[in-house]
Amino acid sequence: MRGATAGSPSSRARAIRVFLRHLLEMLVAMVAGMVALGAVWSFVLARLGWTPLDELPLLAALVMAIDMTIGMTVAMRYRGHGWPAIAEMAVAMYLPFALLAGPYLLGLLVANTMLMFGHLLMVVAMVAVMLRRRAEFVVRHDAVGARAARD
């Protein structure tokens, strides 16, 4: 970036744009993982004659978190993120549902509320991880796998 010094308004604006782009890319990857792998789960469960996941909300939440984590992991590795950042982001996928499982099982939350708040808290947890590792998420990762090759 020409003419911008570290800490200048244009430098900060660029860092915010890159940060938000990283967040959007991860959200898209998570949805892609959930859609693609969700279809696989549905096919396998139907073939086995098992109950659809809609009828088991906690299991459905776990499966969705697995699917989203796989999609997010692939995208982060492709962009050159290291395993520590990926592991922290994976925790952000599961932690909200772990926290909401108790209230759900105690009857304090209905399934749809648990799932909705789990996903909302997931994004909050992801942003928290990104802010914690801000230096990694405010730079562009043009060289695919450049950092990953070093890990």
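The values are calculated or read from the model by the stated rules, or taken from the named source; none is laboratory data. Quick caveat, the model's predicted, so the values are computed rather than measured. Note that each Cβ is placed from the backbone with ideal geometry, even for glycine, and that neighbours are counted across all protein chains shown. Just the protein is used for accessible areas: all its heavy atoms, side chains included, with ligands, DNA and RNA removed. Shrake-Rupley method; radii C 1.70, N 1.55, O 1.52, S 1.80 Å.
Just checking, does region 73-89 include any residue being touching a Gly at 6+ places or on another chain (Cβ under 6 Å), closer than 27 Å to Arg132 by Cβ, of a type outside the set (Ser, Thr, Tyr) and touching a residue at least 60 places away in the same chain (Cβ under 8 Å)? Yes: one or more hits.
Considering Ala4, Ala32, the condition of being touching a helix residue (DSSP H, G or I) at 6+ places or on another chain (Cβ under 6 Å), closer than 28 Å to Arg132 by Cβ and either in a helix (DSSP H, G or I) or at pLDDT 90 or above (or both) is satisfied by Ala32 alone. Looking only at region 100-130, filter to residues that are in contact with a Leu (Cβ under 9 Å, 6 or more places away or on another chain) and farther than 20 Å from Glu55 by Cα; which one of those is most open to solvent (accessible area, probe 1.4 Å)? Among them, the one singled out is Leu121. Would you check if Phe43 is open to solvent by 90 Å² or more (accessible area, probe 1.4 Å) and either over 13 Å from the mean Cα position of the chain (by Cα) or not aromatic (Phe, Trp, Tyr) (or both)? Criteria met by Phe43.
For Gly49, are the conditions met, namely being over 25 Å from Met130 (Cβ atoms), at pLDDT 95 or above, of a type outside the set (S, T, N, Q) and more than 20 Å from the chain's Cα centre (by Cα)? Spelling it out, it is not the case that Gly49 is over 25 Å from Met130 (Cβ atoms), at pLDDT 95 or above, of a type outside the set (S, T, N, Q) and more than 20 Å from the chain's Cα centre (by Cα). On the stretch given as region 76-90, residues that are open to solvent by less than 10 Å² (accessible area, probe 1.4 Å) and assigned to a helix (DSSP H, G or I) total 4.
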